[in-house]
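J.: Take this structure, written in structure tokens, and hold onto it; I'll ask about it next.
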Amino acid sequence: MASDDRAALLRATLNQRILVLDGAMGTMIQKHALEEADFRGTRFAHWPRDLKGNNDLLSLTRPDIIQDIHRQYLDAGADIVETNTFNSNRTSLADYGQEDLARELNETGTRLARAAADAATAATPSKPRFVAGAIGPTNRTASLSPDVGDPGFRNISFDELAAAYREAAEGLIDGGCDVILVETVFDTLNAKAALFALDELFEERGASLPVMVSGTITDLSGRNLSGQTAEAFWNSVRHARPLSIGLNCALGAAEMRPHIAELSRVADTFVCAYPNAGLPNEFGGYDETPDMTAAHLREWASSGLVNIVGGCCGTTPDHIAAIARAVAGLPPRPFAELPRALRLSGLEAFTLPT
């Protein structure tokens with residue numbers, strides 16, 4: 001099926017029912033207790049830096065593990081699987097000296113997810129499965145200085161971020177993704193660089209894909225790291241006309257709910273939410289059971305807040321299976337209908353009625 005047809009099918013399906021996104025990739029990889037040799041494989045056996053922890057590299061060295069994780073989430077009921085490409089950008093890969101692998105990792109990671117999704121669709125043609133090409137936030141921030149003594153200093157520029165995002169997106173598109181997911185946005189300026197790069201790339205190629213945007217409220221203050229509220233964040237990216245706006249990571253469902261409710265109130269597009277399995281415990285683990293997470297997301301769906309639900313850190317195929325059961329049959333959220341107004345964004349939203 002051509003990418004335009006898959007994009008149309010995705011939109012049509014979203015209008016019919018609530019879709020289920022997959023769960024955490026890192027959580028599942030950790031269960032394998034992999035060693036340095038697993039990350040190196042044969043190709044990188046003599047790489048001069050340690051590679052353990054570079055989970056995206058496993059798409060090249062242990063593709064069997066990555067594809068099996070996709071399969072488990074699809075078997076659990078996921079409609080959309082994310083590619084194993086969260087850190088597959090030149091900026092983040094610099095930690096391992098593997099910047100030049102960025103495009104290859106995105107394309108290969110997408111092909112693994114594509115194969116798993118297509119196999120699941122072939123097995124149950126009435127339930128089409130989709131691939132979201134994941135673009136993480138990088139490990140740099142364009143809005144804030146990493147040096148408390150020099151507030152004006154930046155260790156990356158907007159143009160450098162845009163170039164890194166564009167390279168990643170080229171690999172995702174060539175690998176066959178259905179939608180691009182700009183996720184875990186802690187700095188809105190980083191997201192703007194990604195959206196700018198995608199706009200430029202789509203124009204150059206003469207074809208576009210739907211884009212999902214998912215921010216991260218970093219703590220109970222209700223703001224992302226660059227200081228914006230959920231509504232201000234939406235105002236900042238609405239010009240890109242994303243397929244969905246939403247939140248993921250940092251918070252569990254209980255803490256995330258008011259911010260999802262705020263997005264649901266103001267967004268004239270689909271709303272996506274994939275919280276962590278609760279807040280981390282003192283050991284960095286997550287204690288929320290599948291039924292606990294699913295109960296939260298069922299309430300959100302029953303309240304008409306969401307169109308896409310899934311899980312982030314700490315969630316597993318069991319969480320996704322419970323979530324899929326919990327939202328089955330519930331109607332998707334209708335778009336917000338707001339009066340025409342001038343809507344601006346600073347740290348907070350500003351609305352001037354016309």
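Values in this text are rule-based calculations from the coordinates and carry no lab data. All values derive from a computational prediction rather than experimental measurement. Note that each Cβ is placed from the backbone with ideal geometry, even for glycine, and that neighbours are counted across all protein chains shown.
J.: Taking other Cβ within 10 Å of each residue's Cβ, how do Ser302, Ser126, Ser92, Ser59 sort, fewest first? Please report the intermediate quantities before stating the final value.
T.: Values: Ser302 13, Ser126 5, Ser92 22, Ser59 26.
Least to most surrounded, the residues fall as Ser126, Ser302, Ser92, Ser59.
J.: Only Lys, Arg, Asp and Glu count, each charged at its Cβ (+1, +1, -1, -1), so figure out the dipole size of the chain about its Cα centre, rounded to 20 debye. Let's see the in-between values first.
T.: Numbers: 31 positive and 46 negative charges, 174 e Å.
Once rounded to the nearest 20, the dipole reads 840 debye.
J.: While we're looking at this one, here's another question. Hey, which lysines would be in cross-link range of Lys31, C-alpha to C-alpha under 16 Å, not counting anything within fewer than 8 residues on its own chain?
T.: Counting by Cα, and skipping residues close in sequence, Lys31 has these lysines nearby: Lys52.
J.: Okay, next question. Using 0.36 nm per residue, how much length does the chain from Asp95 to Ser303 gain when fully extended, once their Cα-Cα distance is taken away?
T.: Values: separation 208, 0.36 × 208 = 74.88 nm, distance 4.32 nm.
Between Asp95 and Ser303, full extension yields an extra 70.6 nm.
J.: Could I ask something else about it? Between Ser126 and Ala254, what is the FRET efficiency for a Förster distance of 30 Å, r being their Cβ-Cβ separation, to the nearest 0.05? Let's see the in-between values first.
T.: Values: r = 34 Å, r/R0 = 1.14.
So the FRET efficiency works out to roughly 0.30.
J.: Which residue fluctuates most in the GNM of the chain (Cα springs below 10 Å): Trp234, Trp300, Trp47?
T.: Result for the chain, Cα springs under 10 Å: Trp47 fluctuates most.
J.: So, one more: R0 = 51 Å: FRET efficiency of Glu337 with Asp159, Cβ-based, nearest 0.05? Kindly include the intermediate steps, with their values, before the conclusion.
T.: On the way: r = 38 Å, r/R0 = 0.74.
Approximately 0.85, to the nearest 0.05.
J.: For the stretch 3-353, what is the relative contact order in percent, using Cα pairs closer than 8 Å and at least 6 residues apart in sequence?
T.: Values: 761 pairs, mean separation 63.9, N = 351.
18 percent.
J.: Can you show me the helix-derived [θ] at 222 nm for the chain, built from DSSP H runs with n ≥ 4 at -39,500 (n - 2.57) apiece and divided by the number of residues, rounded to the nearest 500. It would help to have the intermediate numbers written out before the result.
T.: Details: 13 runs with 151 residues, N = 354.
Rounded to the nearest 500, it is -13000 deg cm²/dmol.
J.: Sticking with this one: By counting other Cβ atoms within 10 Å of each Cβ, how are Met28, Met256, Met1 ranked from fewest to most? Let's see the in-between values first.
T.: Working: Met28 22, Met256 25, Met1 12.
Arranged by neighbour count, lowest to highest, Met28, Met256, Met1 become Met1, Met28, Met256.
J.: Skipping prolines and chain starts, which residues have an amide H placed within reach, meaning under 5 Å, of the one on Arg129, given they are 5 or more residues away or on another chain?
T.: The answer is Thr121.
J.: Show me the ranking of peptides 64-73, 175-184 by mean Cβ neighbours inside 10 Å, starting with the highest. Numbers along the way, then the final one.
T.: On the way: 64-73: 21.3, 175-184: 25.3.
Output ranking for 64-73, 175-184: 175-184, 64-73.
J.: To continue, here is another question. For a quick check, take a GNM of the chain with Cα springs below 10 Å and name the residue from Asn15, Asn55, Asn224 with the largest mean-square fluctuation.
T.: Asn15
J.: Right, something else. Could you tell me what a quarter of the Cα convex hull surface of the stretch 28-70 works out to, in nm² with one decimal place? Before the final figure, lay out each step's value.
T.: Values: hull surface 11.0 nm².
Mean projected area of the Cα convex hull: 2.7 nm².
J.: Once you've got the GNM for the chain with C-alpha springs shorter than 10 Å, pick whichever of Thr315, Thr293, Thr121 has the biggest mean-square fluctuation.
T.: Thr121
J.: Computed FRET efficiency, Cβ-Cβ of Ala115 and Ala207, R0 30 Å: what is it to the nearest 0.05? If you can, show how the numbers build up before the last one.
T.: Values: r = 22 Å, r/R0 = 0.74.
Working from the Cβ atoms, E equals 0.85.
J.: If you average over every viewing direction, what projected area does the convex hull of the Cα atoms of the stretch 1-44 give, in nm²?
T.: The directionally averaged projection comes out at 5.7 nm².
J.: Taking Cα centroids, how far is the stretch 210-226 from the stretch 301-333 in Å?
T.: 19
J.: Still on this structure, I have one more. Highest mean first, how do 196-202, 18-24 rank when packing is the count of other Cβ atoms within 10 Å averaged over residues? Can you show the working numbers first?
T.: Numbers: 196-202: 18.1, 18-24: 26.7.
Packing proxy ranking, top to bottom: 18-24, 196-202.
J.: Got a sec to turn the phi values of the stretch 279-294 into Karplus ³J(HN,Hα) couplings, 6.51 cos²θ - 1.76 cosθ + 1.60 with θ = phi - 60°, whole Hz, x for Gly and Pro?
T.: Coupling constants for the stretch 279-294: 7, x, 7, 5, 9, x, x, 10, 9, 6, 6, x, 5, 5, 4, 4 Hz.
J.: Take every Cα-Cα distance within the stretch 137-285, group them into 5 Å bins from 0 onward, and report for each bin the whole-number percent of pairs it holds.
T.: Percent of pairs per bin, in order: 2, 9, 18, 20, 19, 15, 11, 4, 1, 0.
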